[in-house]
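Participant: Okay, handing you the structure first.
What follows draws every value from the coordinates through simple rules; no lab data is involved. Not measured: the values here are computed from a predicted model. Positions of Cβ are generated from backbone atoms using ideal geometry, with glycine treated the same way; all protein chains shown enter the neighbour counts.
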Amino acid sequence: MNSVAKTIGAFALVQAFTIATSASAAPVVQITSGSMEVQQQPDIGPGGPWMLAGQSLSADGFFFSSGSEAPARLLFGPVSGPLDMSWISDSVDGWDGQMVFKGVTYNLTGSVDTQSSMLLKASPIDLNHAGSFVEPFTFSAGFCGYLTVPMSFCDTPVGLVGSGTLDLVATSDPNFPGSFDIQSISYQFTGVPEPGSLVLLLTGVVALGLTWRQSHGGRRAA
């Protein structure tokens with residue numbers, strides 16, 4: 001594993017620790033369908049919609065066009081050579097949205113204290129020609145749902161796991177020979193992950209909840 005992948009993995013665990021906000025473990029929902037897309041948009045820069053669905057859950061929102069976090073950040077170029085396709089994005093700087101879980105609507109807009117996070121893992125893509133590049137991915141998320149506005153705790157935390165295929169479309173950059181501009185990246189969820197991937201994703205979700213309880217338990221005792 002390269003240093004970038006290690007950094008992403010470690011940051012993902014630390015970042016997503018904020019999603020579990022009670023002594024009980026958050027429910028984990030398998031994503032059965034969904035899609036995400038970021039593309040170059042005139043005047044506002046890269047961004048795009050996302051939607052996820054699973055048993056008793058639906059959620060949707062929009063990746064910010066600021067590009068401060070992936071996946072929108074991946075569209076800033078020109079680029080060439082290996083491109084790391086793994087990313088983590090949170091609801092403070094990367095995206096916004098809402099969730100309907102068991103018939104109740106929740107706000108997913110994050111705060112500094114508690115935020116929702118998405119983590120996607122995929123192999124790097126070697127950008128050596130214009131065209132379409134396809135890679136499988138695994139996905140996990142921790143959603144911190146608020147009934148009203150963001151507070152220091154979640155009204156309902158939910159973990160999500162899933163997998164699918166991404167499709168990156170690149171064109172040659174006329175100003176930088178040998179480099180490419182990414183026009184869009186789309187992610188399509190295909191259902192149940194492979195058993196090995198599912199074990200890793202669930203292990204991560206459980207670790208997040210345990211770490212939150214340890215840190216917040218000590219804080220209460222102090």
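Participant: Can you list which of the trypsin sites (Lys or Arg not before Pro) found in the range 45-139 are DSSP loop residues with at most 11 other C-beta atoms within 10 Å? All intermediate terms of the calculation are to be shown ahead of the outcome.
Facilitator: Working: sites: ARG73, LYS102, LYS121; in loops: LYS102.
The qualifying sites are LYS102.
Participant: How much length is gained if the chain between VAL149 and ASP113 is pulled fully straight, taking 0.36 nm per residue apart and subtracting their Cα-Cα distance, in nm to one decimal? Mind dumping the intermediate values first?
Facilitator: Working: separation 36, 0.36 × 36 = 12.96 nm, distance 1.27 nm.
This chain segment gains 11.7 nm when fully extended.
Participant: Per residue of the range 54-60, what does 6.51 cos²θ - 1.76 cosθ + 1.60 with θ = phi - 60° give for ³J(HN,Hα)? Whole Hz please, x for Gly and Pro, Karplus curve as stated.
Facilitator: Residue by residue, the range 54-60 yields x, 4, 6, 9, 9, 8, 7 Hz.
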